[in-house]
Amino acid sequence: MSLREGEIAIVKGMLLRGDKQHDIAAWFGVNPARVNEISQGTNGSSVAAAPADQLPPRGPYMAGRSASRARDTLIALRELVDEAIADIDLYERVG
């Protein structure tokens, strides 16, 4: 997967900020080699770095199993909230 110019600008900004290349690759969901190409100037050499206020938060970013576990936790939490709301509604109707 290749990165578009706007994404390359963000990659360059993240590199200037000192982000680790593997964190940048994780943010974009690309092979770290794509970030290395930008770092070495073999891809996107004519693209300027994005300013700091346009960059995502500093990594590391969740990926793989960590992201899956976080999603499962959020789904379980949502189910608990929905059950609690239903209990409150039932209590208010009965009580």
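The values are calculated or read from the model by the stated rules, or taken from the named source; none is laboratory data. What you see is a predicted model; the values in this text were computed from it and never measured. With ideal geometry, Cβ positions are generated from the backbone for all residues, glycine too; neighbour counts draw on all protein chains shown. Note: areas computed on protein heavy atoms with side chains; ligands, DNA, RNA excluded. Shrake-Rupley method; radii C 1.70, N 1.55, O 1.52, S 1.80 Å.
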Handout entry: Residue check, D87 exposed (fewer than 10 other Cβ atoms within 10 Å of the Cβ) and assigned to a helix (DSSP H, G or I)
Key = no
Exercise for the section: Could you please let me know if D23 is among the acidic types (D, E), touching a helix residue (DSSP H, G or I) at 6+ places or on another chain (Cβ under 9 Å) and crowded, with 19+ Cβ neighbours inside 10 Å? Expected result: no
Exercise for the section: State which residue pairs qualify: first residue under 26 Å from G18 (Cα atoms) and inside segment 57-82, second residue open to solvent by 90 Å² or more (accessible area, probe 1.4 Å) and aromatic (F, W, Y) in any location, beta carbons under 7 Å apart, and separation of 6 or more residues or different chains. Expected result: G59/W27; Y61/W27
Fill in the blank from the handout: Filtering segment 1-19 down to residues that are open to solvent by 20 Å² or more (accessible area, probe 1.4 Å) and under 14 Å from the mean Cα position of the chain (by Cα) yields E7, I10
Exercise for the section: Please indicate, with yes or no, whether at least one residue in segment 28-40 is open to solvent by 50 Å² or more (accessible area, probe 1.4 Å), modelled with pLDDT of 95 or more and among the hydroxyl-bearing types (S, T, Y). Expected result: yes
Handout entry: Residue ID - farthest from the chain's Cα centre (by Cα), chosen from residues in segment 41-51 that are hydrophobic (A, V, I, L, M, F, W, C) and open to solvent by 30 Å² or more (accessible area, probe 1.4 Å)
Key = A48
Problem - Candidate set from segment 52-74 (those that are exposed (fewer than 11 other Cβ atoms within 10 Å of the Cβ) and either aromatic (F, W, Y) or modelled with pLDDT of 90 or more (or both)); member that is farthest from I24 (Cα to Cα) - result: D53
